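Taking it in order: structure first as structure tokens, then the write-up.
The values are calculated or read from the model by the stated rules, or taken from the named source; none is laboratory data. Bear in mind the structure is a predicted one, so any value in this text is a computation, not a measurement. All Cβ positions, glycine included, derive from the backbone under ideal geometry; neighbour counts span all protein chains shown.
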């Protein structure tokens, strides 16, 4: 999961270089999904293994794909209205959202160290993006809801990914997730701009589209779908915050950005929050393991069978 977060963190610096080379947001979005789908399907066909996908796993794949597309749409719409620093702060609310969703599902409340880690991460986020002097009063309500919607979509994505069956090929799951997300994105970002750039400037479009797809969809999706079923959605959310420190360092090295001491302090707070949350946390509540989708279906069928046996005969 740390590798997936690091890949996400490199997307922003690479996108800025791609925009300087002539790409626009709509082209970059369509290109990343189209190229990622092709790459992942090639990998899936070369490494076809694992058990067959059942109906419940199909539902999870569709849900994760739709949440991927919803995150892309809401976050990009928020960036069109909000300064990048404020949009990132809103988006990073996915950390506590995923924690609450996971706690409700597993019926285990996080301990004080977990919440302390989240506070350090959120505080570090505000410092790392330079949002201290931002004018929060002028933020439109609709833009704030878009940012929070992106956070919720990402939190649901992480939580749902925790219930994937590890026995199913992660390469095949990744290809299907990106295909579903790409089809959904086409409804809000029609491929006209991508086709125009592909015909007029094929080399830079494919070159930068490949790198954006590799860093934003191919590797993160593959790594996340392998790791999250083993570590859980809440831990994945905490580890996923490594994205911002990597983005700050990447902007400093690749784009030549000046990073103030306050932003470096924010990076350190995020890293400290990750360590505190994952090494010192203790959960409270009954030790109830989160039921898998297969277990829920089995419980439902058993309850129906019991009710049918106990029904009074006429």
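Summary of computed values
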| read-out | value |
| --- | --- |
| From 218, 199, residue being assigned to a helix (DSSP H, G or I), surrounded by fewer than 14 Cβ atoms within 10 Å (Cβ to Cβ) and at pLDDT 80 or above | 199 |
| Count of the stretch 247-266 residues which are buried (at least 20 other Cβ atoms within 10 Å of the Cβ) and at pLDDT 80 or above | 1 |
| Residue pairs meeting the criteria (Cβ under 6 Å; at least 6 apart or on separate chains; first at negative phi and surrounded by 13 or more Cβ atoms within 10 Å (Cβ to Cβ), in the stretch 46-60; second assigned to a helix (DSSP H, G or I) and modelled with pLDDT of 85 or more) | 60/160 |
| Matching residues in the stretch 228-241 - criterion: being more than 13 Å from the chain's Cα centre (by Cα) and under 22 Å from residue 179 (Cβ atoms) | 229 |
| Hits in the stretch 230-264 - residues which are in a loop (DSSP other than H, G, I, E, B) and closer than 21 Å to residue 276 by Cβ | 232, 241, 242 |
| Options 184, 193, 224: the member that is in a helix (DSSP H, G or I) and closer than 23 Å to residue 1 by Cα | 224 |
